[in-house]
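What follows is a single structure, written as structure tokens, with notes after it.
The values are calculated or read from the model by the stated rules, or taken from the named source; none is laboratory data. Given the structure is predicted, the values throughout are model-derived calculations rather than measurements. Note: ideal-geometry Cβ built from the backbone for every residue, glycine included; neighbour counts use all protein chains shown. The area values use the complete protein model at the heavy-atom level, side chains included, leaving out ligands, DNA and RNA. Shrake-Rupley method; radii C 1.70, N 1.55, O 1.52, S 1.80 Å.
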Amino acid sequence: MSAAPEHDDANAPDALREGRMKLVFALRSRGVTDARVLDAIERTPRELFLDRAFRDRALEDVALPIACGQTISQPSIVGLMTQALEVTPRCKVLEVGCGSGYQAAVLARLARRVYTIERHRPLARRARALLERELDLHNVTVIAGDGASGLPAQAPFDRIILTCAAEDTPSELLAQLRVGGVMVLPVGQSDEIQQLIRIRRTPEGLDYQDLAPVRFVPLLEGMAEDPDEG
Ligand code: SAH
């Protein structure tokens, strides 16, 4: 059985509809109020991005494990980061840390074009298939690679988002942000807690703003060594 790409709420079972309403309530109460962002999240079935064992928890506002020892972010954090990124339909967006592809799917509903980079090949492969074939999102490109150096061939970007934590803002990424652009990322030396920040590039320079304490897996250099899938 496979879920339909777009959910028709009128036909959704009561439990599913109730679960979705609860999630939107949780997002609002955590400060996600932008109607376009809430709509993009509502239209993105999170269960598709989870392994079977976790699917019944898809509508809970918690981070959950995905393959390769990584995690899919908490929906309210996806909401807050997407809102902070101020994505418009004209934006070309770069994401570092594709993981399951969930954040990329939400961005793809708001932006003109999304490039997302993942250092685990099996995750990149799975996300690509899901976004293109199951969700029919044709404005997302998934790249298996090291996102720490960004994507110079497609730079500059209007928006850059990191969904893994850097010790400091990676200068190569910052150099790929257009004037007028916005970058949102977790930074910090600790594995336990980092600070979510927003950087704006203005004609005069860079503006930094602290947003919230968060916890993400670290930004690691190079491609991951994953066992052959056979
Ligand atoms: N945005 C994801 C959350 C993924 S967790 C989602 O919606 O599911 C962060 C991801 O960043 C992990 O999959 C990890 O492998 C990846 N990552 C860490 N360092 C990276 C790097 N240098 N380049 C690309 N991806 C990286």
Handout entry: Surface accessible to a 1.4 Å probe, per residue, for the residues of region 36-151, Å²
Key = 38
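Multiplying the sequence separation of D39 and T141 by 0.36 nm and subtracting their Cα-Cα distance, what value in nm do you get? The partial results should precede the final answer.
Details: separation 102, 0.36 × 102 = 36.72 nm, distance 2.20 nm.
Working it through step by step, the gained length comes to 34.5 nm.
Using 0.36 nm per residue, how much length does the chain from E18 to R200 gain when fully extended, once their Cα-Cα distance is taken away?
Numbers: separation 182, 0.36 × 182 = 65.52 nm, distance 3.79 nm.
Between E18 and R200, full extension yields 61.7 nm more.
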Practice task
Enumerate the calculated ³J(HN,Hα) couplings along region 167-174 in order (Karplus 6.51 cos²θ - 1.76 cosθ + 1.60, θ = phi - 60°), each rounded to whole Hz, writing x wherever the residue is Gly or Pro.
Solution key: 5, 9, 4, x, 5, 5, 6, 4
Exercise for the section: Highest first, please rank the peptides 53-60, 170-177, 106-113 by the mean number of other Cβ atoms sitting within 10 Å of their residues. Expected result: 106-113, 170-177, 53-60
Handout entry: Built amide H within the under 5 Å cut-off of I72, gap 5+
Key = L64, I66
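Suppose the chain between E221 and R55 were pulled fully straight at 0.36 nm per residue; how much longer would it get relative to their current alpha carbon spacing? Mind dumping the intermediate values first?
Values: separation 166, 0.36 × 166 = 59.76 nm, distance 3.05 nm.
Full extension from E221 to R55 adds 56.7 nm.
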Practice task
For region 15-21, take each phi angle, set θ = phi - 60°, evaluate the Karplus expression 6.51 cos²θ - 1.76 cosθ + 1.60, and give the result in whole Hz per residue in order, putting x for glycine and proline.
Solution key: 4, 5, 4, 5, x, 5, 5
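What is the Å³ per residue value for the convex hull set by the Cα atoms of region 43-130?
Values: hull volume 7.7 nm³, N = 88.
Expressed per residue, the convex hull around the Cα atoms of region 43-130 is 87 Å³.
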Problem - DSSP bridge pairs, region 153-230: antiparallel proportion in percent, nearest 5 - result: 70
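Taking the convex hull of the alpha carbon atoms in the chain, what volume per residue do you get, in Å³? The partial results should precede the final answer.
On the way: hull volume 29.1 nm³, N = 230.
Per residue, the Cα convex hull of the chain comes to 127 Å³.
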Exercise for the section: Return the carbon/sulfur percentage of the accessible area of the chain, one whole number, probe 1.4 Å, all protein chains in place. Expected result: 50
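With n ≥ 4 as the cut-off for DSSP H runs, can you work out [θ] at 222 nm for the chain, using -39500 (n - 2.57) per run divided by the number of residues, rounded to the nearest 500?
Values: 6 runs with 55 residues, N = 230.
So the calculated ellipticity at 222 nm is -7000 deg cm²/dmol.
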Completion exercise
Amide H neighbours of E95 at under 5 Å, excluding residues fewer than 5 places away on the same chain, with H built from the backbone geometry, are Y115, T116, I117, I161
